[in-house]
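To start, the structure itself, in structure tokens.
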Amino acid sequence: MPQSSGVTTTPVLPSNETLESRSFWKAGNYVFGPSSKPALLQGSLEHARVHPKFLHSNATSHKWAFGAIAEIMDNAVDEIQHGATFIKVDKIDVMKDNSPGPALLFLDDGGGMDPALIRKCMSLGYSSKKSNTTIGQYGNGFKTSTMRLGADVIVFSRSNRGSKATQSVGLLSYNFLRRTGQDDVIVPMIDFDISGHWAEPIIYSSHDDWSSNLKTILEWSPFSSKEDLLLQFDDIGPHGTKIIIYNLWLNDEGIYELAFDDDDEDIQLRDENLHEVTGILRKTVELQNHISYRFCYSLTAYGSMLYLRKFNNFQIILRGKPVQQFNIADELQYPNVVTYKPQAATGSKECSVETTIGFIKEPPIRISGFNIYHKNRLIRPFWKVTSDGTIIGNGVVGVLEGNFIEPAHDKQDFERSSLFVRLENRLKQMVHDYWKTHCHLIGYQPPGFAAKIKKQLSSSQHNSSSNLQAESDDPSIVHILDDDELGLTGEQPGGVVPNDDMSEDGLASISVDQLCEENIQILIRCEEKARMEAELKQMVEELEKGLEDMRKKCAHLSSLLEAKRKQKVA
């Protein structure tokens, strides 16, 4: 197997490739011309009648590279029912076009694919996994996910079904299709019967056809001989599948989308903006270490919460290290469990959904939303259902499994059905109800608090006026006003100081929610000011340190100059 080594930030492009052809979002812009395919390929290689450009446009359904990686991991998780115990995800180096480059490796020990199944896998729109437990259902995930991550993918699979053991190799190469001018998707594949002591080629039509498939695979894959191909089965075991995605896509700056060198135990998405910030801001970014931030760029973080229930005998192994599963519902403060019964269609089986809701621990308090799963798989992470600009719901996080709604094809969102809209409205109500009864536990005033204070003020003023009137009617009573009645303390009950010019009608015109919102906004501004003061203090300290370093350098240079001057005088 190719080994992992070296820095892989900027690739060396072959002479027949451009940056545009290696950038995913531009790779579909090539001009279709006359086919330059060899005559033998016209009828001998197995293919689906789909134009190669469709492979690229189909893959654009994945806006996010981690969504594509999750699709491949889902296939391994679905293989748990066939005995799979792990999925390994790693970076390896491969040699192609006389230049090294990084490749993504996926290896599982599931049931593997026999010759018929691998052809269904690498064709378009087939799925045999429509069940209540498996995640995949559209038969499109393998093509969209692999083509989203790189231009080329080679698949090795070993299967042992009944008395026959087989191993197969398939190549889906966008570069091959594009650069040879193919007008349909050609997928070369070869199969071996390994029931005996050695691998025997399985011939379907003629040996020439089998050799033609092998020749195309060797020419367009990182492996230069049949022996090299067979060596790739050594770490698969008696059954399982290995996927190698190479010629990984670049961003517009000519840098690989995926970063392998920032963390040897992780695969990360590059944040180009991070390279533009100053050292001060970079430290602020590094402090945002909560998983709600990290899952956006760290595959370790995303993979840790990708599946709701913890596996009993299955592991995700990322770059040699098992990923520890994490359910944020286990980390909530003051958790509540709310049962929701969706209004399913007539005739459908009734179901109830339990939603765990609570405050996030050690918040970045502005983090909120729901992690929505479908058949154990995370579809929408930290889905914020409350309006932007409101304090209600800040720090409130929930988790639920919504098997009654259907995910979109890229499994990063849900189909916007009536069931989904009703769920969204119910979640909004859950947040408001929870906030109303629990926000005081983290230092916020509950809705209606301002109205309660106003009512107490009005009642107090009314009682005071009644007492004064009764005393003034009795000439035998001489009342001495204390400081509170004279207003000398400067305070009013509840901390509210009304303006001298403000009438009772003016107070009544201010809504309760507005008073609450203004009070909370003041608290937020205070927190923001304290944070800015801390950052400014840190900046001053660093500038002072830099100034001190410069002074030392100036003193050193002055001493050197003085020494040279004395040498010249001597």
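Data table
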item: Only one of A165, A199 that is open to solvent by 30 Å² or more (accessible area, probe 1.4 Å) and either under 15 Å from R119 (Cα atoms) or more than 35 Å from the chain's Cα centre (by Cα) (or both); result: A199
item: D388 surrounded by fewer than 20 Cβ atoms within 10 Å (Cβ to Cβ), without any contact (Cβ under 8 Å) to a residue 40 or more places away in the chain and closer than 17 Å to Y302 by Cα; result: no
item: Those residues of segment 229-247 which are open to solvent by less than 40 Å² (accessible area, probe 1.4 Å) and part of a helix (DSSP H, G or I), in sequence order; result: L229
item: Qualifying residue in segment 433-440 (condition: at pLDDT 90 or above, closer than 14 Å to F370 by Cα and not hydroxyl-bearing (S, T, Y)); result: no
item: Cβ-Cβ under 8 Å pairs, at least 6 apart or on other chains, segment 525-554 side open to solvent by less than 70 Å² (accessible area, probe 1.4 Å), far side assigned to a helix (DSSP H, G or I); result: E535/I280; E535/T284; Q538/I280; Q538/K283; E542/G279; E542/I280
item: Those residues of segment 83-106 which are in a strand (DSSP E or B), of a type in the set (G, A, S) and over 22 Å from the mean Cα position of the chain (by Cα), in sequence order; result: S99, G101
item: Residue count, segment 337-364 (criterion: of a type in the set (V, I, T), at pLDDT below 90 and open to solvent by 60 Å² or more (accessible area, probe 1.4 Å)); result: 1
item: Condition check for L214: open to solvent by less than 10 Å² (accessible area, probe 1.4 Å), under 22 Å from I186 (Cβ atoms) and touching a residue at least 12 places away in the same chain (Cβ under 8 Å); result: no
item: Sole exception among (1) in contact with a strand residue (DSSP E or B) (Cβ under 8 Å, 6 or more places away or on another chain); (2) open to solvent by 10 Å² or more (accessible area, probe 1.4 Å); (3) over 25 Å from H82 (Cα atoms) for R179, by number; result: (1)
item: Residues located in segment 402-413, provided they are more than 18 Å from the chain's Cα centre (by Cα) and open to solvent by 10 Å² or more (accessible area, probe 1.4 Å); result: N403, F404, E406
item: Conditions (1) over 23 Å from Q521 (Cα atoms); (2) assigned to a loop (DSSP other than H, G, I, E, B): number failed by I391; result: (1)
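The values are calculated or read from the model by the stated rules, or taken from the named source; none is laboratory data. What you see is a predicted model, and the numbers here were worked out from it, not measured in a lab. Here the Cβ is made from the backbone with ideal geometry for all residues, glycine too, and neighbour counts use every protein chain on show. Keep in mind that these areas ignore ligands, DNA and RNA; they rest on the heavy atoms of the full protein, side chains included. Shrake-Rupley method; radii C 1.70, N 1.55, O 1.52, S 1.80 Å.
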